[in-house]
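One structure follows; several queries about it will come next.
What follows is calculated from the coordinates using simple rules that are stated; it is not laboratory data. These figures come from a predicted structure and were not determined experimentally. We place every Cβ from the backbone using ideal geometry, glycine too, and count neighbours over all the protein chains shown.
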Amino acid sequence: MSQPSHTHQLTTPRLHPGVSVADLAQVVHELTAPTGHDQVVVTSTTDDRLEVKIWPIPAGAPSPTDVLIGWRPRGPVGAVGLVVSGQEHSPVHLGRVGLTVMIDSQARAATVLERPEHQPELILETPQGWASDALHRTLGLATPPPDVPVSACVDASWLAQVAAVAWPPEVDGLPPLTWAQIAPLHPLAPAGPSSTPQALAALTTEMDRASGWSRLLHQAAASLPPSAIHPPSGRPVPLGAWFDQGSFSRWMLRQQPDVSDLFWDLLDQLTDEAASKLMDALVSL
């Protein structure tokens, strides 16, 4: 897949080398949000001038945040950001929103949120979650430690595999799955006869105790290919160095199912024995 190799550079007297990240976010939002395209923003200071480079994220990219994985901009960088649009789902607001999120090299953050027919709202608190992690790691900044133990990822991955077998596409009326069918799907299950629930739970607990997220990060760094789509004019960084444990944990968990919800949904697809043993084997439930 080809990707654009060009960026747009903004020039405005309202931007100067000493501009705050809050002012920067507001100016960038005003100049870019009307385009309706997701974009990566990189600022740098050259010859006492603040340069703001905008890269439109091409259609077909995995996500606005995932194009940053394994990539860092070259040279002295003042701040990085994302200009994105999406759907807001909250008890108070529902509908389309535009966001400009900027984080500078000192880990100061500013977000501009704009809802249709409302004035843009400036938020100075550092955002939480994977998107904020991606911007921090693009600058080489540390992220908060993992929110949950690695067992949550192991259990969620296991249940996702069981669900794929229980509900194959365009197939109905399968008989309930047995323990012998679901135990080998556990990410840590050894080869050979089906492990006991206690053995699988012990393996997961030991990973939590001995290595946490570092073991999964090491494995992923060795096996995952780098993204094929990155902003131009940057440099690749090995995934083991680009991620830290906090960012990696939230990246891994961002699309994993909720263990408790999926477990109860799966009960009717399992034999009584398999359901009981699955409950005993799940560490994070």
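Stick to the Cα atoms of segment 138-188, pair each with every other, and give me the Kirkwood hydrodynamic radius in Å at one decimal. List each step's numbers first, then the result.
Details: mean 1/r = 0.0738 Å⁻¹.
This gives a value of 13.6 Å.
For a footprinting-style exposure proxy, rank Phe263, Phe243 by other Cβ within 10 Å, fewest first. Walk me through the intermediate numbers first.
Details: Phe263 19, Phe243 25.
Going from sparsest to densest Cβ surroundings: Phe263, Phe243.
Under 20 °C and 1.002 mPa s, how fast does segment 97-241 diffuse according to Stokes-Einstein, given a Kirkwood radius computed over C-alpha pairs? Answer in µm²/s, whole number.
In µm²/s, the coefficient is 111.
For the chain, what does -39500 (n - 2.57) per DSSP helix run (n ≥ 4), summed and divided by total residues, give at 222 nm, in deg cm²/dmol to the nearest 500? Spell out each step's value before the answer.
Values: 10 runs with 98 residues, N = 285.
When only DSSP H runs of four or more count, the value is -10000 deg cm²/dmol.
If you take the Cα Rg of segment 156-268 and divide it by 2.2 N^0.38 Å, with N the number of residues, what do you get? Kindly include the intermediate steps, with their values, before the conclusion.
Values: Rg = 17.3 Å, N = 113, 2.2 N^0.38 = 13.3 Å.
Against the compact-globule rule of thumb, the ratio is 1.31.
How much of the calculated P(r) for segment 8-138 lies past 19 Å, in percent of all Cα pairs? Present the calculation step by step, with values, prior to reporting the outcome.
Details: 3948 of 8515 pairs.
It works out to 46 percent of all Cα pairs.
Given a cut-off of under 8 Å on Cα pairs at least six residues apart, what relative contact order in percent is computed for the chain?
21 percent
Counting other C-beta atoms within 10 Å, which of Ile182, Ile229 has the fewest, and how do the rest follow? Intermediate values should be presented prior to the final figure.
Values: Ile182 26, Ile229 17.
Sorted ascending by nearby Cβ count, the order is Ile229, Ile182.
Trypsin sites (Lys or Arg not before Pro), restricted to segment 36-124: which are DSSP loop and have at most 12 other Cβ atoms within 10 Å? Mind dumping the intermediate values first?
Details: sites: Arg49, Lys53, Arg74, Arg96, Arg108; in loops: Arg74, Arg108.
When the trypsin sites (Lys or Arg not before Pro) of segment 36-124 are filtered for loop state and at most 12 Cβ neighbours within 10 Å, Arg74 remain.
How big is Rg to Rh over the chain, alpha-carbon atoms, Rh as the Kirkwood inverse-mean-distance radius? Provide the component values of the computation, followed by the final result.
Numbers: Rg = 22.4 Å, Rh = 21.3 Å.
Ratio value, two decimals: 1.05.
Would you list the membrane-span-like helices of the chain, meaning whole DSSP H runs whose alpha-carbon atoms span at least 30 Å along their axis and whose mean Kyte-Doolittle value is at least 1.6?
Helices passing the filter in the chain: none found.
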